[in-house]
Amino acid sequence: MSDRMLVTQALDERDLLAKKIRDKIAKAGFVDTIRPNEDKALDSRATREEFARQAEAAYQQIQDLTDRFQRIDAAIVASNAQTLINTSYGEFTVAGAVSLRSRLRGSGSYDGEIDFESALRIRMEEELHKGLSRAEQKNRQLQTTAESMRLSILGRETRVKDEKPLEVVDAYVRENTTELVDPLNIRNKIEKLREKRDTLLTELDTQIKVSNATTFVTV
C-alpha cells in the first residue's frame, strides 16, 4: 500500500530509518559458536533454532527497513527534480537549489573546492589589499624622496611651514605617484558577490523549507 506524505515528513522518516538501520546492523548477531555437549550458543545463550530465527529476523528487518529507506529517498529525489522554487537570481528545481546551497556553503563531496564565488571574492580581496598596500608603500617612499629634494633645492635642513612646494618637486611627485589600476571597480564586485551569496543562501533556505512543507510525495 502506498503512503502519501509531505516532503518534510519523508525527510524526517528517512533520517529516522537511517538511524534505525545503523542501530540494527550494529546490534545484529548473525554468527555464534556452540559446543557439541551444550544446548545454547556461547554469546547469545540461545539454542540453534532460536538463534537461527533471531538471525533471520534481524536480517529481514534490516532488508525491509532498507527497502523503505530507498523508496522514500527515491520519492524525495524525484520530487526535488520536478518541484520549482523562485529566488531573486532565478528559478531552480529544489534539487538544484539544494546542490547550489551546499556548494555556496562549501559542503558536499568536493569539500568547499567548488565554492567558486567565495574563492573569487577572496582572491579579489587579496588583490585589492595587495595593490593598496603596495601603492601606500611606494607613495610613502616617494614623499620621503620628495622631501629630500625640497631640502636639497632649498639648501637647508628644515622646511619652512608655509612655504609652497617647488614646482619641480610637485611635477616629480605627480609623475611618480603609484595608483591602483582597477578596471573592474573591484570593491563593487566584491560587495555584489557577497550580497548575492548571502541573499541566495537566505532565499534558498526559506524556499526549500516552504517547498518541503507543502509538497507531497507518494512512497
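The values are calculated or read from the model by the stated rules, or taken from the named source; none is laboratory data. Bear in mind the structure is a predicted one, so any value in this text is a computation, not a measurement. Backbone-built Cβ (ideal geometry, glycine too); neighbour counts: all protein chains shown. In case anyone asks, the SASA skips ligands and DNA or RNA and just uses the protein heavy atoms, side chains included. Shrake-Rupley method; radii C 1.70, N 1.55, O 1.52, S 1.80 Å.
Once the other residues with Cβ under 11 Å from the Cβ of residue 184 are scored (Lys, Arg +1; Asp, Glu -1), what is the net sum?
On the way: positive: 187, 189, 192; negative: 127, 182.
Around residue 184, the charge tally is +1.
Within straight-line reach of residue 27, meaning a Cα separation under 20 Å, sit the following aspartates and glutamates at least 8 residues removed in sequence or on another chain: 15, 43, 49, 50, 56, 64, 67. The value of relative contact order for the chain, using C-alpha pairs under 8 Å at least six residues apart, is 33 percent. Of all the accessible heavy-atom surface of the chain, with the other protein chains kept in place and a 1.4 Å probe, what percent is carbon and sulfur? The C+S portion of the solvent-accessible surface of the chain is 50 percent. For the chain, the solvent-accessible area of protein heavy atoms averages 70 Å² per residue (probe radius 1.4 Å; ligands and nucleic acids excluded). Give the angle, between 0 and 90 degrees and rounded to the nearest 10, that separates the Cα long axis of helix 186-214 from the longest principal axis of the Cα atoms of the chain. Between the helix axis and the principal axis of the chain, the angle is about 20 degrees.
Working note: Karplus 6.51/-1.76/1.60 with θ = phi - 60° gives the range 82-96 the couplings 10, 7, 9, 10, 10, 10, 5, 10, x, 9, 9, 6, 4, 4, x Hz, where Gly and Pro are set to x.
Longest exposed-loop-site-free stretch of the chain, with trypsin sites (Lys or Arg not before Pro), DSSP loop and at most 16 other Cβ within 10 Å?
On the way: sites that count: 45, 105, 156, 159, 161.
Free of exposed loop sites, the longest segment is 46-104.
With the cut-off at 1.5 for a/c, could you classify the range 1-150 from its C-alpha gyration tensor as rounded, prolate or oblate?
Numbers: a/c = 7.94, a/b = 2.32, b/c = 3.42.
In terms of gyration-tensor shape, oblate.
Working note: Karplus 6.51/-1.76/1.60 with θ = phi - 60° gives the range 3-12 the couplings 10, 10, 8, 5, 4, 4, 5, 5, 5, 5 Hz, where Gly and Pro are set to x.
Based on DSSP H runs of at least 4 residues, each adding -39500 (n - 2.57), what is the mean residue ellipticity at 222 nm of the chain after dividing by all its residues, to the nearest 500 deg cm²/dmol? Don't skip to the end; give the middle numbers.
On the way: 6 runs with 145 residues, N = 219.
One gets -23500 deg cm²/dmol as the mean residue ellipticity at 222 nm.
With respect to the chain, whose longest principal axis is taken over its alpha-carbon atoms, helix 167-176 is tilted by about 20°.
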